[in-house]
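The values are calculated or read from the model by the stated rules, or taken from the named source; none is laboratory data. Note that the coordinates shown come from a computational prediction; the quantities given were computed from them, not determined experimentally. Note: ideal-geometry Cβ built from the backbone for every residue, glycine included; neighbour counts use all protein chains shown.
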Amino acid sequence: MKDMKTCEILLAEYLKSESKIYGVEKINFINVGENDVYNISAPFVDNDKTIIAGRVEARDSEHSTVYFFEKNDEGWSPIDSYQTFSLQDPFFTKINNELIVGGVEIFPHPEIEGTLKWRTIFYKGKDVASLQRFFVGPDGMKDLRLVQLLDKRIGVLTRPQGEKGGRGRIGFSIINTLEELNIKVIEDSPLLDGLFVDEEWGGANEARPLNETTLGILGHVACFDKDGNRHYYPMTFELNINTLEVKNQKLIAVRKDFKPGQAKRPDLEDVVFSGGLEIKEDKATLYAGISDAEAQFIIIDNPFK
C-alpha cells in the first residue's frame with residue numbers, strides 16, 4: 001500500500017511547483033437565456049464542425065440539459081439542428097471510429113422520497129445526429145468512462161461509492177468489445193490503490209493511451225473543509241493497465257489560476273471540474289467547469305510529458 005496524498009499535500013506540492021500558465025480565458029456561451037453553461041467537454045470535430053458539449057441549467061436548479069455549441073463571431077452558440085440530452089456533465093470519446101457521448105442522468109430516488117439519484121448514460125453513433133443510447137451504468141455511479149487502448153481493447157474506468165468505494169474511488173478493468181460492457185464488469189472492477197484517503201474522493205474524467213501499457217488519466221480529487229465547503233481540484237496520473245500501478249499523481253490547476261467569476265452557491269466557489277484536455281506536444285489546454293456556474297480554459301504544460 002503506497003502512501004496516499006491528501007488534497008492538502010497535493011495542493012502544497014502544486015503551489016511549490018510554480019507551474020506555468022500560458023493563457024486563461026472565459027468561454028462565452030450565448031443564446032441560452034439566463035442559464036449557466038458549465039462542466040463542458042473539450043472541443044471535438046463532428047461533421048467538420050468543431051463543437052463543445054456543455055451542461056446548461058438555471059442557477060437555482062440541478063435539472064440540466066446538454067447542448068452542443070459551435071463558435072461564431074459572438075461566442076459559442078447552441079446548434080439548433082442538433083439533438084439535446086437531459087444529462088449533466090457531458091463527455092466524449094472515440095471507439096472503433098464511433099463517437100461515444102456520455103453524461104450523468106438524475107432521477108427520483110427509488111427509496112428516499114424527495115431526493116435524487118444518478119447514473120452514467122452512454123450513447124454512440126457515427127456523429128451527434130445519429131447518437132443512440134446503448135448503455136445505462138449502475139445506479140449511483142458518476143464518472144464512468146471508456147477509453148480505447150492501443151491494442152483496440154477497451155479500458156473501463158469506474159467510480160463506486162459506499163461499501164466498496166467510500167465517498168468515491170476509481171476502479172479499472174478491460175473488455176474486448178463494447179458488447180462485453182455490463183453492470184457486473186463495472187461492479188467487479190478492482191480499485192486503484194493509493195489515490196484517495198477515506199475522507200476524500202475523486203474520479204476519472206478522461207483517459208488517453210500514452211503507450212501500449214500506460215493510460216494518462218485526467219481526473220479530480222475533492223474534499224470538504226471544516227466549514228462544509230467543497231474543494232475540487234483537477235489532477236492527472238498515469239495508470240499501468242497491466243499492474244494497475246498509479247504514478248505521477250498531481251494537481252494541474254487550482255481555482256485561483258482561472259479568472260474570477262460567479263459561483264452557483266458559496267460552498268462551490270473552489271470547484272474546478274475537469275472537462276477535458278487538448279494536448280499539442282508540450283502544451284495542454286484544460287477545459288473546465290468553474291464553481292458550477294461557468295466554463296473556462298487554461299493553457300498549461302503537458303502534464304504527461
| Do we find that Phe44 is in contact (Cβ under 8 Å) with a residue 60 or more places away in the chain, more than 16 Å from Ile290 (Cβ to Cβ), touching a Lys or Arg at 6+ places or on another chain (Cβ under 9 Å) and aromatic (Phe, Trp, Tyr) in this structure? | no
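Conditions tested, residue by residue: (1) charged (D, E, K, R); (2) part of a loop (DSSP other than H, G, I, E, B); (3) more than 17 Å from Leu131 (Cβ to Cβ).
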| position | (1), (2), (3) |
| --- | --- |
| Tyr22 | no, no, yes |
| Glu25 | yes, no, yes |
| Val32 | no, yes, yes |
| Val45 | no, no, no |
| Glu70 | yes, no, no |
| Glu74 | yes, yes, yes |
| Val104 | no, no, no |
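Rundown of residues vs (1) under 21 Å from Ile52 (Cβ atoms); (2) at pLDDT below 95; (3) in a loop (DSSP other than H, G, I, E, B); (4) out of contact with any Cys (no Cβ under 9 Å at 6 or more places or on another chain), yes/no style:
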| residue | (1), (2), (3), (4) |
| --- | --- |
| Glu179 | no, no, no, yes |
| Arg208 | yes, no, no, yes |
| Tyr233 | no, no, no, no |
| Asn248 | no, no, no, yes |
| Does any residue of the stretch 166-173 turn out to be more than 22 Å from Leu87 (Cβ to Cβ), among the basic types (Lys, Arg) and in a loop (DSSP other than H, G, I, E, B)? | yes
| message | Quick check on the stretch 212-228. Is at least one of its residues surrounded by 13 or more Cβ atoms within 10 Å (Cβ to Cβ), in contact with a Leu (Cβ under 6 Å, 6 or more places away or on another chain) and assigned to a loop (DSSP other than H, G, I, E, B)? | response | no
| said: Against the definition (in contact (Cβ under 8 Å) with a residue 40 or more places away in the chain and under 13 Å from Leu218 (Cβ atoms)), how does Phe273 come out, yes or no? | reply: yes
| message | Going by what's in this entry, would Phe273 be described as among the aromatic types (Phe, Trp, Tyr) and under 15 Å from Gln88 (Cβ atoms)? | response | yes
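Tell me the residue from Ile21, Ile51 that is exposed (fewer than 13 other Cβ atoms within 10 Å of the Cβ) and either of a type outside the set (Gly, Ala, Ser) or within 22 Å of the chain's Cα centre (by Cα) (or both), please. Steps first, please.
On the way: Ile51 fails: exposed (fewer than 13 other Cβ atoms within 10 Å of the Cβ).
Within the list Ile21, Ile51, the selection yields Ile21.
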| query | For the stretch 246-261, how many residues are in contact (Cβ under 8 Å) with a residue 12 or more places away in the chain, farther than 16 Å from Ala284 by Cβ and surrounded by fewer than 18 Cβ atoms within 10 Å (Cβ to Cβ)? | reply | 2
| field | Matching residues, the stretch 108-152, being surrounded by 14 or more Cβ atoms within 10 Å (Cβ to Cβ), assigned to a loop (DSSP other than H, G, I, E, B) and small (Gly, Ala, Ser) | value | Gly137, Gly140
| Only one of (1) surrounded by fewer than 16 Cβ atoms within 10 Å (Cβ to Cβ); (2) more than 26 Å from Thr93 (Cβ to Cβ) is not met by Lys264, so which one is it? | (1)
| field | Count of the stretch 58-68 residues which are part of a strand (DSSP E or B) and buried (at least 22 other Cβ atoms within 10 Å of the Cβ) | value | 3
